[in-house]
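Comments concern the structure below.
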Amino acid sequence: KSDAGDYTCVCGEEQSTASLAVHALPVLFKEELKDEEAQEGASVTLRFELTKGAPVQWKIGPKVLKASDKYQMRQSGTTAELVIRDLEVKDA
């Protein structure tokens with residue numbers, strides 16, 4: 001999108017200007033989340049990849065997760081991870 005704007009070509013006393021509009025592509029899942037199984041007390045990492053970088057939000061059901069000792073969220077470019085520590089049966 002940062003390439004959008006008015007471009008001008010100048011040749012001596014003459015010039016021509018064109019406006020460039022850039023339409024953003026939607027963010028899609030390039031690699032989706034996969035089902036996981038783990039033992040009670042262990043940790044698990046859920047990971048996915050997007051077609052381009054964008055902010056993400058992690059939820060369990062309708063509840064939005066926040067970073068804590070239990071949940072660690074990481075995002076690097078197009079890859080995002082959620083680490084769930086000290087798993088309990090209720091985390092399923």
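The values are calculated or read from the model by the stated rules, or taken from the named source; none is laboratory data. Only a predicted model underlies this, so the values are computations on that prediction, with no experimental measurement involved. When we count neighbours, we look across all protein chains shown, and the Cβ atoms used for this are built from the backbone with ideal geometry, even at glycine. Ligands, DNA and RNA are stripped out before the accessible areas are found, and what is left, the full protein with its side chains, is counted by its heavy atoms. Shrake-Rupley method; radii C 1.70, N 1.55, O 1.52, S 1.80 Å.
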Response to the item:
Of (1) in contact with a helix residue (DSSP H, G or I) (Cβ under 9 Å, 6 or more places away or on another chain); (2) part of a strand (DSSP E or B), Gln75 satisfies every one except (1)
Discussion item. Which count do you get for residues in the range 58-71 that are under 20 Å from Asp35 (Cβ atoms) and under 18 Å from the mean Cα position of the chain (by Cα)?
Written reply: 5
Worksheet item: With respect to Thr45, is the statement that it is touching a Pro at 6+ places or on another chain (Cβ under 9 Å), in contact (Cβ under 8 Å) with a residue 24 or more places away in the chain and of a type in the set (Val, Ile, Thr) true?
Response: no
Fill in: Hits in the range 50-59 (condition: of a type outside the set (Ser, Thr, Tyr), at pLDDT 95 or above and open to solvent by 60 Å² or more (accessible area, probe 1.4 Å))
Gln57, Lys59
Practice prompt. Report, by residue number, each residue of the range 78-92 that is within 17 Å of Ala42 (Cα to Cα) and assigned to a strand (DSSP E or B).
Written response: Glu81, Leu82, Val83, Ile84
Practice prompt. Filter the range 50-61 for residues that are part of a loop (DSSP other than H, G, I, E, B), over 12 Å from Gln75 (Cβ atoms) and not β-branched (Val, Ile, Thr) and give the result.
Written response: Lys52, Gly61
Worksheet item: How many of the residues making up the range 60-92 are among the hydrophobic types (A, V, I, L, M, F, W, C), more than 30 Å from Lys1 (Cβ to Cβ) and open to solvent by 50 Å² or more (accessible area, probe 1.4 Å)?
Response: 3
Response to the item:
Taking first residues from the range 1-13 that are at pLDDT 95 or above and second residues anywhere that are open to solvent by 100 Å² or more (accessible area, probe 1.4 Å), the pairs with Cβ under 6 Å that are 6 or more apart or on different chains are Thr8/Gln15
Worksheet entry | In the range 46-57, the residues that are touching a Leu at 6+ places or on another chain (Cβ under 9 Å) and more than 14 Å from Glu32 (Cα to Cα) | Gln57
